[in-house]
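J.: Take this structure first; my questions come after.
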Amino acid sequence: MFNTVEEYLDALKAEMQGSDAALMQDALADAREHLSTALVVAREKNAGLNEVDALKVIVDEYGTPEETASAYQEVERRTSPSLKQTVKSQSWPARFFGVYADVRAWGALLYMLIAFITGVFYFAWAVTGVSVSISFLIFIFGFPIALLFLLSVRGLALLEGRLVEALLGVRMPRRPLFSHQGMKWLDRLKALLTDKATWLMLVYMIVQFALGIVYFVAIVTVLSFSLSLIAIPFVQEFLDQGAIYNNGLRYSFPIWSYPLLILAGFLLWTTFMNIARGIGQLHGRFAKWMLVTE
Amino acid sequence: MSDITLQTKKFQKEMNAGTSSLVLLKVLSRSKEPMYGYQIAKLLEESGPEFPMMKQGTLYPVLRSLEENGLLSSMVEPSVSGPPRRYYKITEDGQAALKDWLEIWKQTKKFVDTILKG
C-alpha cells in the first residue's frame, strides 16, 4: 500500500510508462491535486489521524494507479489533439498539392510567423532574467528575484507548449508541474536550479530566437519570390513595363513564358508549404523533447 | 479473477464512459460556482452513496476531455493548503450539449427499459 502521496504518484508514473509524456504529466497533476486535497480534508475532520490509514481509504475511492492510468489512456484515445489527422495513403501529387487543404501546413506557417515575435521576446526575457538574477545574487533580495525568474520560465514553457499543440498538433502538457509544493522558497529555488528541465527550457528560449528569425526570413523570401514570379505577366501587360531592370534599361519576358512563370511561382510556394509542414513537425518534436519532462 | 467478473467490469466501464460525461455536465450546470475535481467527486459520493459506480480518479480525464472539446472551461487557482486547484465551469456549448444529451439519455432509458420489461 502507499504511505505517502508521492509513493502513489511514483506508482502511477511507473504504470503510465510508455504512454505520452504530456498525458502522464496531466495525470500526475490531477492525482496530486485530488489526493492532497482529500488528505487535508481528512486531517481537518480528525486531527489525530493516521495518515497511512487515511490515504488507504482515499486511494480506495480514487482508484489504483493501474485503474487511473487506464482511464487516462482510454480518454486520450478518444480525444486527440485538435490538428491531428488520420493518415491516409495517397499518391505523391495528391499529397504534394493537397498541402493547401492540410491544416497542419497552415498551422506550421502561422507558427513560423509567430515564432519570430515570441522568439525575440523569449530571448530578451531569458537574457535579462539571467543577467539580473546572477548580478543580484550578491544581495539577499537576489534570491527571490532568481526564483521568480525561474518560475516565469516554467510558465512561458507551458504557454509555448499550448501554442505548439494548437498550431503544430503535437500533444503538449496542459497543466503546469507543481512538484515543489510545501517547500521553503530557498529549497524551491534549489530544486528549480538543479532540475535539468529548467535549463532545457532556458536553452529553448534562446534557440527559439535564432529559429524564429530563420523561419521568418524563409517565409518572407519565398513568399515574395513566388508572388513576384506570378505577378510578372500582369506587371508587363497592364503596366506596360519590362519586369527586368538593369542599368537604366528595361527588358521584358516574352509572352510565351507567362504560363511558365506563373507555374513556377505556384510550384515554388507549394513546395515551400510542404517544407513548412515538415519543419512544423520537426519543431513540434524538438519542442516536446526540450519542454516536456519525463 | 474469473472471466465473468472481468466481463462485468468491462461492461461497467463501457456504461460509465458515456454516462460520466453526462453526469459531470449536469453537476456543473446546476452549480452556480465553478467546482474543482475533489468537490465534484464528493458531491457525487454524497448524492448516491449506495452506488460507487466509478473510481474518482476516472472523473479527471473525463473533465479534461470535456474541456478539450469546449464544453467546459477551467482555471487554476492556488489553494491555502496543498497544490493549486483546477476549477471547472460549464460553457454555453456545454449547456447546449447537455440539453441534447439529456434527450438522448431519456430516449435510451425508455428504450432499454421497454426491452428489459418486455
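The values are calculated or read from the model by the stated rules, or taken from the named source; none is laboratory data. Quick caveat: nothing in here was measured; it's all calculated off a predicted structure. A quick note on method: Cβ atoms are made from the backbone with ideal geometry, for glycine too, and the neighbour counts reach across all protein chains shown.
J.: Given the options B:Val62, B:Val76, name the one that is among the hydrophobic types (A, V, I, L, M, F, W, C), within 13 Å of chain A (Cβ to nearest Cβ) and farther than 21 Å from A:Arg78 by Cα.
T.: B:Val76
J.: A follow-up question, please. Only one residue in A:Glu44, A:Glu51, A:Glu66 is at pLDDT 85 or above and surrounded by fewer than 19 Cβ atoms within 10 Å (Cβ to Cβ). Which one?
T.: Testing whether each residue is at pLDDT 85 or above and surrounded by fewer than 19 Cβ atoms within 10 Å (Cβ to Cβ) leaves just A:Glu66.
J.: Which one is nearest to A:Ala166 (Cα to Cα), of the residues in the stretch B:68-109 that are modelled with pLDDT under 90 and of a type in the set (Asp, Glu)?
T.: Ranking the qualifying residues of the stretch B:68-109, first place goes to B:Glu68.
J.: Further, regarding this structure: Of (1) in contact with a strand residue (DSSP E or B) (Cβ under 7 Å, 6 or more places away or on another chain); (2) among the β-branched types (Val, Ile, Thr); (3) surrounded by fewer than 18 Cβ atoms within 10 Å (Cβ to Cβ), B:Val112 satisfies all except one. Which?
T.: With respect to (1) in contact with a strand residue (DSSP E or B) (Cβ under 7 Å, 6 or more places away or on another chain); (2) among the β-branched types (Val, Ile, Thr); (3) surrounded by fewer than 18 Cβ atoms within 10 Å (Cβ to Cβ), B:Val112 is out only on (1).
J.: I would also like to ask the following. Confirm whether A:Arg154 is within 14 Å of another protein chain (Cβ to nearest Cβ), within 18 Å of the chain's Cα centre (by Cα) and within 22 Å of B:Arg85 (Cβ to Cβ).
T.: Criteria met by A:Arg154.
J.: So which helices (runs of 4 or more DSSP H) are wholly in the stretch A:185-294 and hold at least 3 residues that are more than 30 Å from A:Asp20 (Cα to Cα)?
T.: It comes to A:196-238, A:258-291.
J.: I need every pair where a residue in the stretch A:124-150 that is under 12 Å from A:Leu186 (Cα atoms) has its Cβ under 6 Å from the Cβ of a residue that is among the small types (Gly, Ala, Ser), sequence separation at least 6 or different chains.
T.: Taking only residues 6 or more apart or on different chains, the pairs are A:Ile145/A:Ser133; A:Ala146/A:Ser133.
J.: So, one more: Consider A:Tyr111 carefully, then state whether it is of a type in the set (Phe, Trp, Tyr) and at pLDDT below 90.
T.: No; evaluated as a whole, the condition is false for this residue.
J.: Sticking with this structure for a sec: Any idea how many residues of the stretch A:160-176 are touching a helix residue (DSSP H, G or I) at 6+ places or on another chain (Cβ under 9 Å) and over 13 Å from A:His283 (Cβ atoms)?
T.: 6
J.: Let me ask something else. From the list A:Ile145, A:Ile138, which residue is in the same structural domain as A:Leu202 (by TED's automatic domain parsing) and touching a helix residue (DSSP H, G or I) at 6+ places or on another chain (Cβ under 9 Å)?
T.: Among A:Ile145, A:Ile138, only A:Ile145 is in the same structural domain as A:Leu202 (by TED's automatic domain parsing) and touching a helix residue (DSSP H, G or I) at 6+ places or on another chain (Cβ under 9 Å).
J.: Cβ-Cβ below 9 Å, separation at least six or inter-chain, first residue in the stretch A:229-258 and over 26 Å from A:Thr270 (Cα atoms), second of a type in the set (Lys, Arg) and in a helix (DSSP H, G or I): which pairs?
T.: Nothing qualifies.
J.: Still on this structure: Is it true that A:Lys196 is under 15 Å from A:Val292 (Cβ atoms) and among the charged types (D, E, K, R)?
T.: Here the answer is yes, as A:Lys196 does meet what is asked.
J.: Something else: Answer yes or no: is there a residue in the stretch A:228-251 that is within 14 Å of chain B (Cβ to nearest Cβ), modelled with pLDDT under 90 and farther than 24 Å from A:Gly129 by Cα.
T.: Among the residues of the stretch A:228-251, not one is within 14 Å of chain B (Cβ to nearest Cβ), modelled with pLDDT under 90 and farther than 24 Å from A:Gly129 by Cα, which makes the answer no.
J.: Confirm whether A:Gly129 is touching a helix residue (DSSP H, G or I) at 6+ places or on another chain (Cβ under 6 Å), surrounded by fewer than 17 Cβ atoms within 10 Å (Cβ to Cβ) and more than 14 Å from chain B (Cβ to nearest Cβ). Don't jump to the end; show me each part of the working.
T.: Values: touching a helix residue (DSSP H, G or I) at 6+ places or on another chain (Cβ under 6 Å): yes; surrounded by fewer than 17 Cβ atoms within 10 Å (Cβ to Cβ): no; more than 14 Å from chain B (Cβ to nearest Cβ): yes.
Here the answer is no, as A:Gly129 does not meet what is asked.
J.: So, one more: Report, by residue number, each residue of the stretch B:1-47 that is free of Cβ contacts under 8 Å to residues at least 24 places away in the same chain and within 12 Å of another protein chain (Cβ to nearest Cβ).
T.: Listed by number, the residues that qualify are B:Lys9, B:Lys10, B:Lys13, B:Glu14, B:Ala17, B:Gly18, B:Gln39, B:Ala41, B:Lys42, B:Leu44, B:Glu45.
J.: Between B:Leu98, B:Leu102, which is surrounded by 16 or more Cβ atoms within 10 Å (Cβ to Cβ) and either part of a helix (DSSP H, G or I) or within 13 Å of chain A (Cβ to nearest Cβ) (or both)?
T.: The conditions single out B:Leu98.
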